[in-house]
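Throughout, read-outs are computed from the coordinates displayed, never taken from laboratory work. Since this is a predicted model, take the numbers as computed values, not measurements. Positions of Cβ are backbone-derived with ideal geometry, glycine not excepted, and every protein chain shown enters the neighbour counts.
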Amino acid sequence: PVPAAAAAAAAGEESPVEGGPPDHSYSLSSGTTSEELLRKLNEQRDIIALLEVKMKEMKGSIRRLRLAEAQLREEIREKDRLLHAASAGTRKRHGL
């Protein structure tokens, strides 16, 4: 990858100020061109759109997990009830 300043210079654009902040997606130097700003904005929008899709997927997963949990809890309650009834019946038969 070509450093941003060299790429900007090669493209005939203004280059960022030397010794400016590191080139993170959240930091901009004072010499950033409008084209670079637009590119960064579009990258941020793409990231946000991807995160929104992931959030929707996770919400769906959480919903499915909650339904599965409720079903499992109901099965446990039913099995506990059956065990309790069987245990009570056994005690009566054996005179305990």
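One table, with the values for the structure above:
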item: Residue (of ALA85, ILE47, LEU72) at the positive-pole extreme of the stretch 37-90, dipole from beta-carbon charges; result: ILE47
item: Label point distance in nm, LEU67-ARG81, each placed 7 Å from Cα along Cα→Cβ; result: 2.2 nm
item: Distance in nm between pseudo-label sites at GLU43 and GLU57 (7 Å out along the Cβ direction from Cα); result: 2.2 nm
